[in-house]
1. Considering segment 131-167 alone, what residues qualify as being over 24 Å from PRO78 (Cα atoms), assigned to a loop (DSSP other than H, G, I, E, B) and in contact with a Leu (Cβ under 8 Å, 6 or more places away or on another chain)?
2. Can you name the residue in segment 388-402 that is open to solvent by less than 20 Å² (accessible area, probe 1.4 Å) and either more than 20 Å from ASN329 (Cα to Cα) or of a type in the set (Phe, Trp, Tyr) (or both) and, of all such residues, is nearest to the chain's Cα centre (by Cα)?
3. From the residues in segment 403-434 that are over 24 Å from THR158 (Cβ atoms) and surrounded by fewer than 17 Cβ atoms within 10 Å (Cβ to Cβ), which one is modelled with the highest pLDDT?
4. I'm checking my understanding of the structure. Among residues of segment 141-157 that are polar (S, T, N, Q) and farther than 24 Å from ASN401 by Cβ, which one is most open to solvent (accessible area, probe 1.4 Å)?
5. VAL172 is checked against (1) closer than 30 Å to ASP267 by Cβ; (2) at pLDDT 95 or above; (3) part of a helix (DSSP H, G or I) and fails just one. What number does that condition carry?
6. Would you point out the residue of segment 323-350, among those that are of a type in the set (Lys, Arg) and assigned to a helix (DSSP H, G or I), that is least open to solvent (accessible area, probe 1.4 Å)?
7. Can you tell me which residues in segment 60-74 are at pLDDT below 95 and over 14 Å from SER168 (Cα atoms)?
8. Please go through segment 291-316 and give me each residue that is more than 25 Å from the chain's Cα centre (by Cα) and either more than 20 Å from ASN115 (Cα to Cα) or small (Gly, Ala, Ser) (or both), ordered by number.
Amino acid sequence: DFSLDLDAFPLANPDDGSAFRLVDTKPTPRPKFGPKWRFNQHRPQLPQRRDEEQRREAAIFKSSVDIQPEWNMLEQIPFSTFTKLSFSVSDPEDLLLCGALEYYDRSFDRITPKNERRLERFKNRNFFKVTTTDDPVIRRLANEDKATVFATDTILATLMCAPRSVYSWDIVVQRVGNKLFFDKRDGSQLDLLSVHETSQEPLPEAKDDINSAYSLSVEAAYINQNFSQQVLVRDGNKVSFDEPNPFANEGDEVASVAYRYRRWKLDGDMYLVARCEVQSVVEVSNKNSFVTLNALNEFDPKYSGVDWRQKLETQRGAVLATELKNNANKLAKWTAQAILASADLMKLGYVTRVHPRDHFNHVILGVVGYKPRDFASQINLNTSNMWGIVKSIVDLCMKLNEGKYVLVKDPSKPQVRIYEVPADAFENDYVEEPLPEEEQVQPPSEDAEGVEANGTTTDDKEIEAQT
């Protein structure tokens, strides 16, 4: 079963068994491949809110993964060593392009807070967030010995921007023969989007508060998905690539996405292959340019001190500066992913709640485009430093024995730890059954119909009863 985006993330009370499901997940037979990958399906934990190094000692923050007593800690790497690293890679080569892209709708460039647009919901479009070793294309490339190191853009961006991270995260590393696989655990929060992670203002502690770090990250991931599909020209006109979407079943309606399987040379005979994503395409002087689509989201101006509806048109620089302060890690990761995919353009949407206490209904107040490398220099994201971090972690992991390891961002210090873990860590042959229909929580849509997921809709009363 693919680990699909936002599948089985409880939105509100973690104990009531309700799940926030945005996608139609059909279990797919799992192909057999090298390392056996069956991770445990534990509910993800609440990410911590702020680094104690950064003046917030109130909360005791939780690790993204439960550190077991039998795990053997091998290394602790302070972020201060990461910031000094530098490594330049030559341009990558595309080994394969999969999927199909719809065109970006330029009318969204003209949105302002005065003519805001309601954020739509996409009930039937499937989004796939498949980890490295569950990707059939990566398995094929590994079997063909196309590289030594395999990862996804999400995982690489997490490493590349590690020094900006505050919340705990973890990445599983498997050394199989001479190869290295970087993976995320099932139930990992790597695909959720942090909100307010690098801000000085504490968020509410209670997990079921709509402005807790956890609730906000689920809301942000949901907004991001819908935004990425809404800003397209949905006329059936698509640019298709070498192979169809490798994760879709026949007849599925899939989100607009292209996967670029790209290869970078790290050393003499050491290559890294990563699956990189772009979400759209735009025609510039008769040539198709790749576009990434992401949405920043405002939840309550009281926290940021900047009201987007008032400031976005006249003081866009101030709005962006505040976002760069409060969401430094998320913006850096998006930029790193756009650079990894060699996107020509990254579009950032500004999405806010219709009302600060309603986290189900949103409007788009504006969309701004940047060239990824220009934006990177604006936010002091240095590509040779990004690759320096990846290269140092790869070199370190290549010295390890065959086996399984986990990299964990320390919940309360700016450092990452490497643990050696048992071969069966995170494995579990138990397959989670989909929740009964009546237990699934969906955000209500304008017509009071819930988002369809696993063929179910939920109305407002049920949601209120469960939140």
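The values are calculated or read from the model by the stated rules, or taken from the named source; none is laboratory data. Quantities reported herein were computed from a predicted structural model and do not represent experimental measurements. Virtual Cβ from ideal backbone geometry, glycine too; neighbours counted across all protein chains shown. Ligands, DNA and RNA are stripped out before the accessible areas are found, and what is left, the full protein with its side chains, is counted by its heavy atoms. Shrake-Rupley method; radii C 1.70, N 1.55, O 1.52, S 1.80 Å.
1. The first filter runs over segment 131-167 and keeps only residues over 24 Å from PRO78 (Cα atoms), leaving 131-148, 150.
Now drop any that are not assigned to a loop (DSSP other than H, G, I, E, B), which leaves 131, 135, 144-148.
Listed by number, the residues that qualify are LYS146, ALA147, THR148.
2. As a first pass, look at segment 388-402 and keep what is open to solvent by less than 20 Å² (accessible area, probe 1.4 Å): 388-390, 393-394, 397.
Imposing the further condition that a residue be either more than 20 Å from ASN329 (Cα to Cα) or of a type in the set (Phe, Trp, Tyr) (or both) reduces the set to 394, 397.
On the way: VAL394: 21, CYS397: 23 Å.
The qualifying residue nearest to the chain's Cα centre (by Cα) is VAL394.
3. Looking only at segment 403-434, we keep the residues that are over 24 Å from THR158 (Cβ atoms), and these are 424, 429-434.
Those left that are additionally surrounded by fewer than 17 Cβ atoms within 10 Å (Cβ to Cβ): 424, 429-433.
Details: ASP424: 90, ASP429: 48, TYR430: 39, VAL431: 43, GLU432: 42, GLU433: 46.
Only one residue fits best here, namely ASP424.
4. The initial filter retains those residues of segment 141-157 that are polar (S, T, N, Q), namely 143, 148, 152, 154.
In the following step, the residues that additionally are farther than 24 Å from ASN401 by Cβ were identified as 152, 154.
Details: THR152: 7, THR154: 30 Å².
Looking at the filtered set, the residue picked out is THR154.
5. Unmet condition: (3).
6. We begin by selecting, within segment 323-350, every residue of a type in the set (Lys, Arg); these are 325, 330, 333, 347.
Those left that are additionally assigned to a helix (DSSP H, G or I): 325, 330, 333.
Numbers: LYS325: 121, LYS330: 8, LYS333: 45 Å².
Out of the qualifying residues, it is LYS330.
7. First, the residues of segment 60-74 that are at pLDDT below 95: 60-70.
If the condition is that a residue be at pLDDT below 95 and over 14 Å from SER168 (Cα atoms), then GLN68, PRO69, GLU70 are the ones that fit.
8. If the condition is that a residue be more than 25 Å from the chain's Cα centre (by Cα) and either more than 20 Å from ASN115 (Cα to Cα) or small (Gly, Ala, Ser) (or both), then LYS302, GLY305 are the ones that fit.
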